[in-house]
Structures are given as C-alpha cells and as structure tokens.
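To start, the structure under review is shown below, and the notes come after it.
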Amino acid sequence: NGILFGNGTSAIGATAVGTDNQVLTSNGSGSAPTFQDAGGGGYTLGTPVATTSGSSVSFTGVASGVTSVVLSFSEMSLSGGDQVTVQIGDSGGLETSGYIHTIYGFDYSSPNWSNSTSNILMYSASSSNVLSGTVTFNLLNASTNLWVWTVMYKYGTGQVYFGAGSKPLSSRLTQLAIDTTGSNSFDNGSANIKYI
C-alpha cells in the first residue's frame, strides 16, 4: 500500500505505508516523498500568561515566517492611571518607532482618540478599568515585512475602543510585548497569542 515514485535514473521506488490521517509530503528536490502527519492548517496557540504583576508581558516564541498573529487579553488592568501599549519586533528586538497607529473610542459623554508613532496605544487610564479584547496582526507585504493590525477591546463598563495601524519591520515578526507607559504594574487578567 505504498505509493510509487520516480527515482531519478534508478528503478522506480515505493513509499512506506502511511498511517491514518497522514498525507503524502514532498521532502524537496532529490528526496523521496513520505507520509507525514498533516499540518492541520490552523493557528498555533501559545501559553496563557498572567497579567498580574510587573510592567511588561512578552511573547518571544512567535515562529519565524508567520503571516498572522492574534494577541488576546482578558480583564487586564493596571495599578494606576498609566496607559497600556503593545510593541512588535523581529530578531533584532522590539521596535520603538515607525508606528502609524490611531485608537478611537467612546466613553459615556464624548469620543476619545489618539495617534501614536512609538507603539500601539490602548487606553486604560484608571486602575478600576479592565481591558478585554484582541489585537490582530496581518503581514501585508513579505518583501518589506509590512504588518497591519486592527484593535478592538472593551474598556471599563459600557465603553469600546477600536484602532488600526501599520509598521514595517527589518525582518519577520518573531516577538511582541504588552507594556505600560509609566511606573504602574499589571494587577489583573491574562493574555495569550496564536499565530499561523
């Protein structure tokens, strides 16, 4: 029950027998194909991280070559009135400039918005407000490593913020971090990433 394959100038070969749910996979030029486990085609989910202490939460295990990354967070809050930010980076470290980002939202009385060039800004502004939502990153141009993103999160009670932006990197995105703009520390919630 193997599959016959051409073998250069040698006799025709046959693969080993695969097992349930395996697929025939190329191993590159000059190598015989083999049956291997299917990749699944879905997102790889990271390990949840508590956002209950410190002023930064990092995710450094993003596989090189991904084209989409989703950062999710639930009931995240700070010990004071600083803002929450997100930065992305490659193998050279997190990037601190070159962002084109706008965040916009409504509170009870009026709209609130801000631009940022040093990070992806998300309002928190009070220790009593908690943030739950996502930042979704997508690779727009592989040759320039240009990433675009959308932001959507619940802020406090009865308020929703949304934003968008873009930034090129020197090479593929491999890390990101959630930080604060001042001396406050995280004191509640959790965060995680998934990528494909």
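The values are calculated or read from the model by the stated rules, or taken from the named source; none is laboratory data. Remember, predicted model here, so these are calculated numbers, not experimental data. So basically every Cβ, Gly included, is an ideal-geometry build from the backbone, and we count neighbours across all protein chains shown. All accessible areas refer to the heavy atoms of the entire protein, side chains included, with ligands and DNA or RNA removed. Shrake-Rupley method; radii C 1.70, N 1.55, O 1.52, S 1.80 Å.
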S190 passes all but one of the listed conditions (1) open to solvent by less than 40 Å² (accessible area, probe 1.4 Å); (2) assigned to a strand (DSSP E or B); the exception is number (1)
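Listed here are the residues, each with its yes/no results for (1) charged (D, E, K, R); (2) closer than 21 Å to S64 by Cα; (3) buried (at least 17 other Cβ atoms within 10 Å of the Cβ).
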{"site": "N145", "(1), (2), (3)": "no, yes, no"}
{"site": "V148", "(1), (2), (3)": "no, yes, no"}
{"site": "Y155", "(1), (2), (3)": "no, no, yes"}
{"site": "K167", "(1), (2), (3)": "yes, yes, yes"}
{"site": "G182", "(1), (2), (3)": "no, no, no"}
Taking the range 120-140 and keeping residues free of Cβ contacts under 8 Å to residues at least 60 places away in the same chain, over 16 Å from S79 (Cβ atoms) and polar (S, T, N, Q) leaves S132
Condition set open to solvent by 30 Å² or more (accessible area, probe 1.4 Å) and not in a loop (DSSP other than H, G, I, E, B), scope the range 64-107, selection farthest from K154 (Cα to Cα): answer is L94
Within the range 1-46, of all residues that are within 20 Å of I196 (Cα to Cα), out of contact with any Lys or Arg (no Cβ under 8 Å at 6 or more places or on another chain) and not β-branched (V, I, T), the one modelled with the lowest pLDDT is G40
Exactly one of S110, S91, S53, S64 is at negative phi and modelled with pLDDT of 95 or more, and that residue is S53
When every residue in the range 125-143 that is closer than 24 Å to S190 by Cβ and among the polar types (S, T, N, Q) is compared, the one surrounded by the fewest Cβ atoms within 10 Å (Cβ to Cβ) is S128
request  = Answer with yes or no whether L121 is closer than 20 Å to T67 by Cβ and either open to solvent by less than 50 Å² (accessible area, probe 1.4 Å) or touching a Leu at 6+ places or on another chain (Cβ under 6 Å) (or both).
outcome  = no
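Residues are listed down the side, and each one gets a yes or a no for (1) among the charged types (D, E, K, R); (2) in contact with a helix residue (DSSP H, G or I) (Cβ under 8 Å, 6 or more places away or on another chain); (3) over 30 Å from L78 (Cβ atoms); (4) open to solvent by 70 Å² or more (accessible area, probe 1.4 Å):
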| residue | (1), (2), (3), (4) |
| --- | --- |
| T19 | no, no, yes, yes |
| L24 | no, no, yes, yes |
| F35 | no, no, yes, no |
| L45 | no, no, no, yes |
| S55 | no, no, no, no |
